[in-house]
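The values are calculated or read from the model by the stated rules, or taken from the named source; none is laboratory data. All values reported here derive from a predicted model rather than from experimental measurement. Cβ coordinates were reconstructed from backbone atoms using ideal geometry, including for glycine residues, and neighbour counts include every protein chain displayed.
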Amino acid sequence: MVLYAMQSNASNAESSMIGMATSIKPNAEVGVGANLKALSPGSELHARETVRTGDLGQADLIFIDNTNLTVGPKSEVLLDEFVYNPTGSSGRVVMQAPRGAFRFVPGTQDRAYQFKTPYGTAAFAQSNDPVNSTGNAQLFAYAPSDDSGKNAQARGSANGAYAQAVGRGAGTVITFEVVSEEEKKQRSNRCDVRVKVEGGGEAEIDFTTTEGKKFKAKKNQWICVKDGNVTITASAAQQQQNTSSGNTPGCVNPPTGSPICPP
């Protein structure tokens, strides 16, 4: 089965569901263009919809290929394309984020995922590590809950299973921080976009800037893009490991010119 859910002339009500909201902290909205409505646990998600959160809002989303996405406060993401092929390599998931903070756990499709920002695009593979995984990495899925705490036990069990899977080297987690044009003017010292690769296995991502320059980051590394310059920096844990093994910690693979390292 291959499920295509991309831009269409059909209304969202007629298009295929690609996922659902599982946990919401007010306020969060979903819709197309200016036609937005409140997002709540159990709300269906469709391709070409935008999810937007307020100053304190947060949305946890799960998709039919077991991709998990947390949308942080003051964030916005367009669910641009979604092609689900559980048995082949023709799947494609594309999301666009003009601003905000995100936590992305890829689903079960191989080499299908793209996360686009105004400063470049990250491409990465499924969450499973085929060598170390027990097949349970996708148990991160939250069970829907409401304000009364219904299904809280199911959510706790799901998260616990995910944590155990990551501990066995099964899951990849990628975090994004994207600065809007307005924030960039106000906070000139921040990376325009910062991407971190963590979790289990030997995860890596390919990052292509808007100028077409390509970079690769592996587990426990940050990518920082600032004014077109890209720096890949080891995390604190990786730097400590490098030091103990005799390697030089700090920025790796800096571009020509002065490196720009995230704090």
- Task: Kindly check whether there is at least one residue in region 225-243 that is part of a loop (DSSP other than H, G, I, E, B), over 18 Å from residue 190 (Cα atoms) and modelled with pLDDT under 90.
- Result: no
- Look through 161, 143, 154, 165 and report the one residue that is surrounded by 18 or more Cβ atoms within 10 Å (Cβ to Cβ), part of a helix (DSSP H, G or I), modelled with pLDDT under 75 and aliphatic (A, V, I, L, M). 165
- Examine region 96-106 for a residue that is in contact with a strand residue (DSSP E or B) (Cβ under 8 Å, 6 or more places away or on another chain), outside any strand (DSSP E or B) and farther than 26 Å from residue 38 by Cβ, and state whether such a residue exists. yes
- Message: Condition first: buried (at least 24 other Cβ atoms within 10 Å of the Cβ) and either in a loop (DSSP other than H, G, I, E, B) or touching an Asp or Glu at 6+ places or on another chain (Cβ under 7 Å) (or both). Now tell me which residues in region 52-64 satisfy that.
- Response: none
